[in-house]
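In what follows, a single structure is set out as structure tokens and then discussed.
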Amino acid sequence: RRWAHNIPSFSHLNAVTEEDLAHFHKILAPTSILSTLPPNSTSTDDLASYNEDWMGKYHGQANTVLRPRTTQQVSEIVKWCAKRRIGIVPQGGNTGLVGGGISLQKEIVLSLGAMSNVRSFDPVSGILVADAGCVLESLSEYIAPHNHIMPLDLGAKGSCQIGGNISTNAGGLRLLRYGSLHGTVLGLEVVLPDGTILDQLSTLRKDNTGYDLKQLFIGGEGTLGIVTGVSILTPPAPQASNNVFLALPNFNNVLPLYQTVKRQLGEIMSAFEYIDRTAYDMGISHGLGPILDAGEVGDSQCFVLVETSGGNQTHDEEKLNGLLESLLSAEQPLINTGVLSQSPSQFASIWAFREGLTECCQKEGKPYKYDVSVPLADFQKVVDAIRERMISKGLYGDHAISKVMGYGHVGDGNLHMNVIAKHGYRPELEEALEPYIYEIVASHKGSVSAEHGIGSMKTHALHYSKSDVSIEWMRKIKQVFDPLNIMNPGKVLP
Ligand code: FAD
Ligand code: MLT
Ligand code: ZN
């Protein structure tokens, strides 16, 4: 459940009435409206998938879900909501991990899922223009025959939408190679909180004409407007892709390994992902892998997945084989063992191990997820500090927190700490974890959110990573765009 400190009261907002619903029926087809209000009231069960987040941690209160098909319809809905002071929660694939896409009080959910057309794709420039509701994986499939790939990839690709990715500024598994969405997004179409359509759907690589407004919506988490269209630069598909999975004797070897791998692989290294022993064992116990021989893994303390994406299979394999040989034959090897994928299916199963960890955490219990940036050298210290904290509070074990683990995007300095509450979320567990974790992160000069965002989970922790001046100017920006505070209220800003 959401605890009291995260539930703001919205006295400035009105709940949806039958009159509002009648107006929405003038804008949308009946099949695009779900509401528990008469005349066509549906049961709360029909709204459950919009009111419950992916983790089952946040429970929404929306009594109405609208599923527009066009930007014009979004605009008309928003105009009405502004007039009637009705809060709006934009929702994409609802895979967010910080409670950003869930209605806190009686705001409506505006789901983008029915806006899922590709508008254009230019195979020469690689520029893709699509509705915000397109699922990330279907966009990948759309451009694959043209030998292009999306510049981002994440475990939630089968459900998350490009509009949601942009609104959370999602990072994921390809950021190391292709950079963040702040660079690859060329233009956006956004419905602003007064219903105006801001058309900045540029397909230009270069456009240096003053303030770049679109950047505010990348990572805006739906608090400044609703993204309805996206123009994004997609890179050519690599001609050759390989991956290796390495077992390391201890955490201290991760940094020197990263340096060695970068030096030896050079431009072909495209991902460098980290998995600690607890996360690895959890993956194995839930049927991921096995990737490595258990005997050879021995008491390895952590694991690294390295991916290469290059232009020549033979050249890349030679480099990778050379890397593995030199790693294993060193006087004091940095790794215990490793495997180089030998086929597309082995390549896929190595990635599936890393991507599957999020789902395994769900199977273990209820995860408290802390997605933070800290210096790579401190990853293990931070994870250990949390475990020790829970031990010292008598909250470590199958009765409370059964596992504390770390995995993540080492190459980006992004650690995912997962703290598993075996029997479900409980206030005393959260109180032991927060703000302690944020204080630890701040003491390492880290960020309380590396890639998942602030949502409703971390509004009270924003100040650990943003100065008072920054927060004040964020508030001013919110006030300029959304003076009525109807657009995803209670999210991002404390
Ligand atoms: P939602 O969850 O629906 O919404 C997220 C936020 O964006 C909300 O605040 C919502 O209001 C807003 N929003 C959604 N659509 C719009 C829109 N069109 N206009 C305005 N606001 C909008 N995240 C990463 O960064 N990296 C990862 O590697 C990663 N891996 C994941 C793996 C799994 C298995 C899961 C479940 C999640 C993962 N995530 C990851 C988190 C999540 O998938 C991403 O944040 C994703 O970008 C959310 O997209 P969505 O369409 O599901 O958005
Ligand atoms: C990941 O990298 O796997 C995701 O961001 C999701 C998670 O933190 O589990
Ligand atoms: Zn991640």
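The values are calculated or read from the model by the stated rules, or taken from the named source; none is laboratory data. This is a predicted model, so every value here is computed, not measured. No Cβ is skipped: glycine too gets one built from the backbone with ideal geometry, and neighbour counts run over all protein chains shown.
Considering only the range 127-183, give the helices (runs of 4 or more DSSP H) lying wholly within it that have at least 3 residues that are touching a residue at least 12 places away in the same chain (Cβ under 8 Å), more than 15 Å from ligand 2 (Cβ to nearest atom) and crowded, with 20+ Cβ neighbours inside 10 Å.
Counting at least 3 such residues, we get 162-168.
Among the listed residues 69, 119, identify the single one that is in contact with a strand residue (DSSP E or B) (Cβ under 7 Å, 6 or more places away or on another chain) and surrounded by fewer than 24 Cβ atoms within 10 Å (Cβ to Cβ).
119
Test residue 113 against the criterion of being under 30 Å from residue 143 (Cβ atoms) and of a type outside the set (A, V, I, L, M, F, W, C), and give yes or no.
Criteria met by residue 113.
Among (1) free of Cβ contacts under 8 Å to residues at least 60 places away in the same chain; (2) within 16 Å of ligand 2 (Cβ to nearest atom); (3) assigned to a helix (DSSP H, G or I), where does residue 417 come up short?
Result: residue 417 passes all but (3).
May I ask you to list the residues in the range 133-182 that are among the hydrophobic types (A, V, I, L, M, F, W, C), away from ligand 3 (no atom under 16 Å from the Cβ) and over 13 Å from the mean Cα position of the chain (by Cα)?
Within the range 133-182, 134, 135, 139, 143, 144, 149 meet the criteria.
Out of all the residues in the range 61-83, which are charged (D, E, K, R) and out of contact with any Ser or Thr (no Cβ under 8 Å at 6 or more places or on another chain)?
The answer is 76, 79, 83.
Please enumerate the residues belonging to the range 265-275 that are touching a residue at least 60 places away in the same chain (Cβ under 8 Å) and either more than 16 Å from ligand 1 (Cβ to nearest atom) or of a type in the set (A, V, I, L, M) (or both).
269, 271, 275 - these are the residues of the range 265-275 that are touching a residue at least 60 places away in the same chain (Cβ under 8 Å) and either more than 16 Å from ligand 1 (Cβ to nearest atom) or of a type in the set (A, V, I, L, M) (or both).
Please go through the range 398-410 and pick out each residue that is away from ligand 2 (no atom under 16 Å from the Cβ) and either closer than 24 Å to residue 303 by Cα or assigned to a strand (DSSP E or B) (or both).
If the condition is that a residue be away from ligand 2 (no atom under 16 Å from the Cβ) and either closer than 24 Å to residue 303 by Cα or assigned to a strand (DSSP E or B) (or both), then 401, 402 are the ones that fit.
Just checking, which of 425, 396 is touching a residue at least 40 places away in the same chain (Cβ under 8 Å) and either under 20 Å from the mean Cα position of the chain (by Cα) or surrounded by 14 or more Cβ atoms within 10 Å (Cβ to Cβ) (or both)?
425
Name every residue in the range 313-371 that is of a type in the set (Phe, Trp, Tyr) and crowded, with 20+ Cβ neighbours inside 10 Å, in order of residue number.
Correct list: 351, 353, 368, 370.
Kindly provide the set of residues from the range 177-195 that are closer than 22 Å to residue 110 by Cβ and out of contact with any strand residue (DSSP E or B) (no Cβ under 9 Å at 6 or more places or on another chain), ordered by number.
Correct list: 194, 195.
Any idea which of (1) surrounded by fewer than 16 Cβ atoms within 10 Å (Cβ to Cβ); (2) within 16 Å of ligand 3 (Cβ to nearest atom); (3) basic (Lys, Arg) is the one residue 445 doesn't satisfy?
(2)
Is there a residue in the range 452-466 that is over 30 Å from residue 109 (Cβ atoms), of a type in the set (Gly, Ala, Ser) and within 16 Å of ligand 1 (Cβ to nearest atom)?
no
Among the residues of the range 81-92, are any within 30 Å of residue 419 (Cβ to Cβ) and either assigned to a helix (DSSP H, G or I) or in contact with a His (Cβ under 9 Å, 6 or more places away or on another chain) (or both)?
Checking the range 81-92: not a single residue is within 30 Å of residue 419 (Cβ to Cβ) and either assigned to a helix (DSSP H, G or I) or in contact with a His (Cβ under 9 Å, 6 or more places away or on another chain) (or both).
Taking residue 190, is it touching a residue at least 24 places away in the same chain (Cβ under 8 Å), away from ligand 3 (no atom under 16 Å from the Cβ), more than 11 Å from the chain's Cα centre (by Cα) and closer than 30 Å to residue 304 by Cα?
No: the conditions fail for residue 190.
I'd like the full set of residues that are aromatic (Phe, Trp, Tyr), part of a loop (DSSP other than H, G, I, E, B) and at pLDDT 95 or above, limited to the range 1-59.
Of everything in the range 1-59, those that are aromatic (Phe, Trp, Tyr), part of a loop (DSSP other than H, G, I, E, B) and at pLDDT 95 or above turn out to be 54, 58.
Hey, residue 262 hits all of (1) touching a residue at least 24 places away in the same chain (Cβ under 8 Å); (2) away from ligand 3 (no atom under 16 Å from the Cβ); (3) in contact with a strand residue (DSSP E or B) (Cβ under 7 Å, 6 or more places away or on another chain) but one; which does it fall short on?
Exception for residue 262: condition (1).
Among (1) surrounded by fewer than 19 Cβ atoms within 10 Å (Cβ to Cβ); (2) within 11 Å of ligand 1 (Cβ to nearest atom), which single condition is residue 208 missing?
Checking residue 208 against (1) surrounded by fewer than 19 Cβ atoms within 10 Å (Cβ to Cβ); (2) within 11 Å of ligand 1 (Cβ to nearest atom), the one that fails is (2).
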